[in-house]
1. Scan the range 27-42 for residues that are of a type in the set (Val, Ile, Thr) and surrounded by 14 or more Cβ atoms within 10 Å (Cβ to Cβ) and report the count.
2. With the condition kept exactly as written, say whether any residue in the range 30-42 is in contact (Cβ under 8 Å) with a residue 40 or more places away in the chain and either among the aromatic types (Phe, Trp, Tyr) or touching a Cys at 6+ places or on another chain (Cβ under 7 Å) (or both).
3. What number of residues within the range 32-58 are within 21 Å of LEU19 (Cβ to Cβ), over 10 Å from the mean Cα position of the chain (by Cα) and not in a loop (DSSP other than H, G, I, E, B)?
4. Please specify each residue of the range 13-47 satisfying the condition of being at pLDDT 95 or above and over 16 Å from GLU64 (Cβ atoms).
Amino acid sequence: MKNKEQDIGIYIDFCEVCLDDKYYTIKEEEKIDYARGKEIKYTHKQAYCTECNSPMYISKINDENLDTLYSEIR
C-alpha cells in the first residue's frame, strides 16, 4: 500500500511515548480498510509527534477518520 503523505498543520497534545505535551503534525495517508466484505480505500489522517515521530492518538482526528470511512461505505 502506498502512503501519500501531506503535512496539514502543527498542533500540541500529549505524546504517550515522550510522556509530555509535544507538538505534532497531521499527515494525510491513503489507507485501505475492509467493511461488509469490500475493500474501502480512503484518505486517513494520522498525527505524529514532531520529537519522536511516533503516531499519536487524537480523538478528534479519529472521529474524522471514522466519518470519512463511513461515508465511503455508504
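The values are calculated or read from the model by the stated rules, or taken from the named source; none is laboratory data. Just so you know, these numbers come straight off a predicted model, no measurement behind them. Methodologically, a virtual Cβ is constructed for each residue, glycine included, from the backbone with ideal geometry; neighbour enumeration extends over all protein chains shown.
1. The initial filter retains those residues of the range 27-42 that are of a type in the set (Val, Ile, Thr), namely 32, 40.
Next cut, surrounded by 14 or more Cβ atoms within 10 Å (Cβ to Cβ) only: 40.
Of the residues in that region, 1 qualify.
2. Filtering the range 30-42 for residues in contact (Cβ under 8 Å) with a residue 40 or more places away in the chain gives none.
No, the range 30-42 has no match at all.
3. Of the residues in the range 32-58, the ones within 21 Å of LEU19 (Cβ to Cβ) are 46-58.
From what's left, over 10 Å from the mean Cα position of the chain (by Cα): 49-54.
Going one step further and asking which of them are not in a loop (DSSP other than H, G, I, E, B), we end up with 49.
Here the count works out to 1.
4. Once the filter is applied, which keeps residues that are at pLDDT 95 or above and over 16 Å from GLU64 (Cβ atoms), the range 13-47 yields PHE14, CYS15, GLU16, VAL17, CYS18, LEU19, ASP20, ASP21, LYS22, TYR23.
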